[in-house]
Structure formats: C-alpha cells, structure tokens
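What follows is a short report on a single structure.
What follows is calculated from the coordinates using simple rules that are stated; it is not laboratory data. Note that this is a predicted model, so its numbers are computed, not measured. Neighbour counts are summed over all protein chains in view; Cβ atoms, including those assigned to glycine, are modelled from backbone coordinates with ideal geometry.
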Amino acid sequence: MTIADKVGDRIYSRAKYMLRLMVLMADHDVDELIELFNNTFSDTNTRLVKGTEDPIYIPANIEYEGAICSYHQVVFAHGFFASALHEIAHWCIAGAKRRNQLDYGYWYCPDGRDEQQQAEFESVEVKPQAIEWCFSVASQFSFKVSTDNLNGAPVDRQAFQEKVLQQVKTYLHMGLPNRAQRWVEALCAQYKTPVLDITHFASKHHAKELCFAHAS
C-alpha cells in the first residue's frame, strides 16, 4: 500500500466517522429529552425546562421573577443537551431539603475563581459530573469535564477528569443514587445503549467508540 493509499484510507475513515457522528448527534433532540424526563419522573412533580439564560432550579410554590409555579423546575441553559444532563445530575443528588430551596440553596462562585475557590468548586462538582458522564454514555452523547474557570487560576483538567472517573468507578461498583439510576435506565432504553460498564469510560473518546459501535 502506498503512502497515498494510507492517507486516502485515513481520510475515508475520518469522513465515515464524522458522518456517523453527525447522524448520532442529530438524534439528540432536547424536546424529546424533556418529554422523556417529564414522563420518567412524573411522580416527583418535577419538570425539565428549556431555559434561555443561565441554568437554575426553581422549587414549586415559591415566587421567582414574579411568578409562582405548582411544580418544581429543572431549568437548563440555552436549550443545550449537555446542560440538561448536567442540571439533571445535580437534581439527582440533591436531598429533599435542598430540593425545596431555590437553586438547592447553593451559592455559586462565578468564573474568575482563585486556586482555593477553584479547589472547592471542583470538590463539589466531582459527583454531579460523574453522574453526568454516566448520563452522557447512556444517551451516547459526548462528554467533557467542566472546570468552568476560564478567567481565573490555571486548572489541571486532566487531574480533575481523573477524580471524576474514579467517582464513576465507585458508582458503577456501589450503584448510582436512585433517581440517577432511573434516568440512566430511561436513557439506555431511549438510545438503545447497553448496560453501562467501565469500558465505556476508559477512553477520552468514548463517544467516538460508541458511535462506531452503534452506527455499524
């Protein structure tokens, strides 16, 4: 095989992968995700809501921006699929008292954090991002850890990703929180994904591997 043939094969393989990825990503409709969530958790009086600004959790029967709603709202940012998965992950690990407080009663330290603030941010983000990673794999959607500090102290993304991965392993061994497990099962059924195991998380490019596995 000549060098030109090898290059041609690589280009063809890459083009084939990108086509499959485009087909896969096209299947990720946020309106379908909203319907799936609302049906799955209809017993919780909670609805997933497509937001136009920053994400927020709004409990039922409290006034927010001049309005009162009879159900809890998990509002995700700008209609983004990834944001929906992330906000659902936070909802899945919030306890009953937290779910009765606006944004679970947490104070968010915005972008521009110093080293100590970033360390504190990452310490509380390990579990929700591990759960989000499980959701992403279950829905065959690309996942990247979020350190969310572009204008602050330098971050070690690889080290944070390793912490998130270790938490994923713990969840796979010990079990996910109840609501997270229900959501994983719903996503797996919706996207015809096999039962999750650690091989789905072994590579940074798990979305690529799943794409080939399920598009063939």
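Residues whose amide H lies under 5 Å from that of residue 79, counting only those 5 or more places away or on a different chain, are 51; hydrogens are built 1.01 Å from N in the peptide plane. Here the simple spin-label model places points 7 Å from the Cα toward Cβ, and for residue 120 and residue 178 these points are separated by 3.2 nm. Peptide packing for 188-198, 31-41 was compared via the average number of neighbouring C-beta atoms within 10 Å per residue; ordered from the highest value, the list is 31-41, 188-198.
Remark: for residue pairs 97/192; 97/144; 50/192, the C-alpha separation exceeds 28 Å in 97/192; 97/144.
Packing, taken as the mean count of other beta carbons within 10 Å per residue, orders the peptides 81-93, 174-186, 130-142 from highest to lowest as 130-142, 81-93, 174-186.
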